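> One structure coming up, written as structure tokens, with questions to follow.
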Amino acid sequence: MWLRAELNHRHMDFQSTALPTELQSQIVDLHQKINKKVLLLYIIYINKVYKIMIMKVVIATHNKDKLKEIKKGLSDLNVEILDLSSFPDIGAIVEDGETLKENALIKAKCVHEKTGIPAIADDTGLEVDALGGKPGVYTARFAGENCTYLDNVNKMLKVMKNVENHKRSAIFKTVIAFVDSKTELFSEGKVKGLISKKIKGLAGFGYDPIFYVQEEGKTFAEMTIEKKNIISHRGQAINNFKPVLSSYIKKQQTTKESA
């Protein structure tokens with residue numbers, strides 16, 4: 001229709017505007033009722049307003065797999081999501097906290113201080129009962145500094161080799177932290193499972209091939225990303241975080257509108 005043609009001519013489309021889907025639908029209905037030029041000017045103007053109101057957040061991780069899951073989980077919020085590829089000067093962040101919450105906060109604070117943009121970070125830990133809750137905060141470097149996913153998996157299989165099935169229980173936990181100049185927000189997610197005796201599945205990352213979820217009869221690596229995001233520790237943390245962040249965004253927008 002003419003409206004889409006005009007937007008395309010201006011290198012715009014509904015998908016690239018900041019307008020919420022509901023408002024886009026209302027605009028499409030309006031195009032038959034009012035002057036075309038007036039409607040087009042209205043779209044351009046209101047889009048600029050929404051772009052001013054929309055919140056930018058930066059995901060504080062260099063881990064592309066984590067980034068993919070977090071971006072997907074937050075995709076339905078009215079936020080512009082940035083990542084550290086936009087800030088190449090930010091290198092590795094030292095995670096020296098004693099808890100997952102402390103490490104998530106360290107990363108979010110560091111990125112916020114360096115960018116001036118609200119930051120979201122997470123930290124994840126695998127707590128294996130037979131290992132007294134280890135590796136915990138050392139989950140990502142269980143096999144040593146600069147280790148690979150496979151290094152960690154192989155070490156876990158090795159240390160758990162002689163552990164009986166009923167003693168292979170574990171919990172995966174994720175804590176998400178949000179930081180801006182005045183606010184700190186948190187959420188948590190966790191899921192119970194077992195450490196399998198061998199690698200199963202090709203999807204996912206990290207310990208996914210050996211973290212077996214009994215209710216599903218599969219490891220994380222045997223699930224689709226959509227299914228994993230519903231039941232996983234990070235998926236739950238994101239889902240718990242979304243209403244908290246959404247409420248915060250609405251308060252910020254109300255403040256801007258009344259200023």
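None of the figures in this text is laboratory data; all of them are computed from the coordinates on show. Predicted model only: the values in this text are computed from it and were never measured. Note: ideal-geometry Cβ built from the backbone for every residue, glycine included; neighbour counts use all protein chains shown.
> Per 0.36 nm of contour for each residue apart, how much would the distance between K56 and I171 grow if the chain were fully extended, relative to their Cα-Cα spacing? Display every interim value, and only then the final one.
Numbers: separation 115, 0.36 × 115 = 41.40 nm, distance 3.25 nm.
Answer, rounded to one decimal: 38.1 nm.
> Follow-up. Select from the range 76-134 those GluC sites (Glu not before Pro) which occupy a DSSP coil region and have at most 12 other Cβ atoms within 10 Å, ordered by residue number. Don't skip to the answer; put the middle values down first.
Numbers: sites: E80, E95, E98, E102, E113, E127; in loops: E95, E98.
Hits after loop and neighbour filter: E98.
> In the structure displayed, which of K71/K155; K66/K200; K109/K182; K158/K197 lie more than 18 Å apart, Cα to Cα?
From the list (K71/K155; K66/K200; K109/K182; K158/K197), the Cα-Cα distance tops 18 Å for K71/K155; K66/K200.
> Using a Förster radius of 22 Å, what is the FRET efficiency between A92 and S181 based on their Cβ-Cβ separation? Nearest 0.05, please. Could you put the intermediate results ahead of the total?
Working: r = 24 Å, r/R0 = 1.10.
After rounding to 0.05, the efficiency reads 0.35.
> Also, I was wondering about something else. Please find the FRET efficiency linking Q214 to L157, where r is the Cβ-Cβ separation and R0 is fixed at 22 Å, and quote it to the nearest 0.05.
Result of the calculation: an efficiency of 0.75.
> When the Karplus curve 6.51 cos²θ - 1.76 cosθ + 1.60 is applied with θ = phi - 60°, which whole-Hz ³J(HN,Hα) does each residue of the range 70-84 get, with x for Gly and Pro?
Calculated HN-Hα couplings, in order: 5, 4, 5, x, 9, 5, 8, 8, 7, 9, 9, 9, 10, 9, 6 Hz.
> Assuming 0.36 nm per residue, please report the length gained on full extension of the stretch E80 to L150 beyond their Cα-Cα distance. Working shown, then result.
On the way: separation 70, 0.36 × 70 = 25.20 nm, distance 3.34 nm.
Difference between extended and current length: 21.9 nm.
> Shifting gears a bit: Restrict the search to the range 168-258; then list the trypsin sites (Lys or Arg not before Pro) that DSSP places in a loop and that have at most 11 other Cβ atoms within 10 Å of their Cβ.
Within the range 168-258, the qualifying trypsin sites (Lys or Arg not before Pro) (loop, at most 11 other Cβ atoms within 10 Å) are K182, K198.
> Expected output is a single nm value to one decimal: the length gained when fully extending between K250 and R141, i.e. 0.36 nm times separation in residues minus the C-alpha distance. What is it? Write down the numbers at each step before the final one.
Working: separation 109, 0.36 × 109 = 39.24 nm, distance 3.83 nm.
This chain segment gains 35.4 nm when fully extended.
> Summing Lys, Arg as +1 and Asp, Glu as -1, what charge do residues with Cβ under 10 Å from the Cβ of K200 carry, K200 excluded?
Net charge in that neighbourhood comes out at +1.
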